[in-house]
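Everything below concerns the one structure shown next.
The values are calculated or read from the model by the stated rules, or taken from the named source; none is laboratory data. All of these numbers come straight from a predicted model, not from anything done at the bench. Positions of Cβ are backbone-derived with ideal geometry, glycine not excepted, and every protein chain shown enters the neighbour counts. Please note that ligands, DNA and RNA were not included when accessible areas were found on the heavy atoms of the full protein model with its side chains. Shrake-Rupley method; radii C 1.70, N 1.55, O 1.52, S 1.80 Å.
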Amino acid sequence: MKLLPSSLDQTTRLRNDLKLGLPILLHAKKNVAAVIAVETLRFAFLEKIKSDNEKGLHLVITARRAQTLNATPYDGDIARIAMPEDFSLNWLLAAVNPALDLSNPFKGPFRTMRGGETKISRTAIELCKKGQLLPAALVFSLTDTQERAFREGGFLSHDCDEILEHTRNTEALEEVSAAELTLASVGKSRIHIFRDNSGFSEHCAILIGNVTKNEPVIVRMHSACFTGDVIGSLKCDCGPQLKSALTIIANEKSGIIVYLNQEGRGIGLANKMRAYELQNQGFDTVEANHRLGFEDEERDLRIGAEIIKKLGFKKVKLLTNNPRKIEQVMAMGLEVTKRIDLKTEPNAENANYLSTKALKSGHIL
């Protein structure tokens, strides 16, 4: 019997190879191209690519990053940039990494492409985002001979339509363990650990007190924030929100904390630090994400809603200041019977951040 990885397995492996700095093969109908993430691109790989592919190379970035570079995104949400003859690894990194914008202020002009095949480039961006890399990739079309050489070299290949289909659906979730645990702030609880099968990120649901499934349950859907939750950063309100949610649930004697492994609104800890450095240069939190090439919201809150459903709950009272979170939860088939404010006291460090969340992201503060 021949065993083969599933389409979801293969997509996860592709993403991990990009994080390792390895090229992958993507195909859309008759088009085949090799893709490599710029952030992890190795000098030796680039030199080999340049020698074998004098034509057909392009850099794909998001429309957000293109706007920062004054490059026209003819493809809507992405921009394909034609490579200059003398491009180098430093040229690529300066184009995609906003941390280098001050040291390389005079980039371009960039010539963006229009027309032709875009699905491979769009899929490359999606894989970079899901891998929490800077959303930028080098794409180069392959001849039949080159494709065979890549396959014989052991590089992975997959169809773009199947990859994009996974991103449109909630990640496959599986509960892998659970245990009773007494917490200092709320007393006895039961911790359920869920793992998503697209990358084995682990998410946590904390059931506190006597939660019953036939009545609306208080739920705080909280995204991981290492800086705020763990080391007490004053730059955001995440830590105080989590503590406040635990206090509210303790007073009500029952509720659920869903702790999602989606650091930095889904962009990852490394990119979050890049965004913080941009904020130190004077950009607000939304502008910083855009300069990196991300949207201001990259989380998939459907995962949290799916966890609630898998635990057997259908009605929730949501602890949130974010109306968009309510929309996403309801779109997953849960009934939100009430929104409960999660107020925190601003400080000198996070006042601008909170103001930006209210003005640009619609948070109710």
Exercise. Enter the angle in degrees (range 0 to 90, nearest 10) between the Cα long axis of helix 238-252 and the first principal axis of the Cα atoms of the chain, meaning the one along which they spread out most.
Key: 30
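Sort 277-284, 203-210, 321-328 for me by packing, meaning the mean count of neighbouring Cβ atoms within 10 Å per residue, highest on top.
Values: 277-284: 14.9, 203-210: 19.1, 321-328: 16.6.
For the peptides 277-284, 203-210, 321-328, the packing ranking is 203-210, 321-328, 277-284.
Scan the stretch 232-284 for trypsin sites (Lys or Arg not before Pro) in coil per DSSP, keeping those whose Cβ has at most 13 other Cβ atoms within 10 Å, and list them by number. Could you put the intermediate results ahead of the total?
Details: sites: LYS235, LYS243, LYS253, ARG265, LYS272, ARG274; in loops: LYS235, LYS253.
Passing both the DSSP loop test and the Cβ count: LYS253.
Could you work out [θ]222 nm for the chain from helices alone, using -39500 (n - 2.57) per DSSP H run of at least four and dividing by all its residues? Round to the nearest 500 deg cm²/dmol. List each step's numbers first, then the result.
On the way: 13 runs with 131 residues, N = 365.
Dividing the helical sum by the residues of the chain leaves -10500 deg cm²/dmol.
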Self-check item: Cut-off 17 Å, label 7 Å out along Cα→Cβ of LEU89, residues of the stretch 267-282 by amide N
Solution: none
Quiz prompt | Highest-MSF residue in the chain out of THR320, THR68, THR143 [GNM, Cα springs under 10 Å] | solution = THR143
Quiz item: Measuring from the lowest to the highest alpha carbon on each principal axis, how far does the stretch 217-346 reach, largest first, in angstroms?
Solution: 44, 28, 20
Quiz item: If r is the Cβ-Cβ distance from ASP101 to ALA184 and R0 is 45 Å, what FRET efficiency results, to the nearest 0.05?
Solution: 0.55
Self-check item: Positive-end residue, the stretch 289-365 charge dipole about Cα centroid, Cβ charges, pick of GLY293, THR344, ILE307
Solution: ILE307
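Please report, in debye to the nearest 20, how large the charge dipole of the stretch 248-365 is about its Cα centre when each Lys and Arg carries +1 at its beta carbon and each Asp and Glu carries -1 there.
Numbers: 19 positive and 16 negative charges, 122 e Å.
Using Cβ point charges on Lys, Arg, Asp and Glu, the stretch 248-365 gives about 580 debye.
Taking all protein chains together and a probe of 1.4 Å, list THR112, THR212, THR145 from the most accessible to the least accessible. Don't skip to the answer; put the middle values down first.
Numbers: THR112 20, THR212 50, THR145 90 Å².
Per-residue accessible area, sorted high to low, gives THR145, THR212, THR112.
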Quiz item: Placing +1 at every Lys and Arg Cβ and -1 at every Asp and Glu Cβ, with all other atoms neutral, what dipole size does the stretch 47-197 have around its Cα centre, in debye to the nearest 20?
Solution: 520
Quiz item: Which residue, chosen from GLN281, ILE249, TYR353, occupies the Cα position most advanced towards the positive end of the dipole of the stretch 240-357, where the dipole is computed from +1 (Lys, Arg) and -1 (Asp, Glu) charges on Cβ about the Cα centre?
Solution: ILE249
Self-check item: Cα extents of the stretch 101-193 along the three principal axes, largest first (Å)
Solution: 60, 42, 26
Quiz prompt | Candidates GLU252, GLU306, GLU174: whichever shows maximal mean-square fluctuation once the chain is modelled as a Gaussian network with Cα springs under 10 Å | solution = GLU252
Quiz prompt | Two-decimal Rg to Rh for the chain - Kirkwood Rh, Cα set | solution = 1.01
Quiz item: Roughly how many Å² of GLU298 are accessible to a 1.4 Å probe, to the nearest 10?
Solution: 50
Quiz item: If ARG65, ARG151, ARG302, ARG190 are ordered by their accessible area, calculated over protein heavy atoms with a 1.4 Å probe, which sequence runs from highest to lowest?
Solution: ARG151, ARG190, ARG302, ARG65
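Which value, in debye to the nearest 20, gives the size of the charge dipole of the chain about its Cα centre, when Lys and Arg are +1 and Asp and Glu are -1 at the Cβ? List each step's numbers first, then the result.
Values: 49 positive and 45 negative charges, 133 e Å.
That gives the chain a dipole magnitude of about 640 debye.
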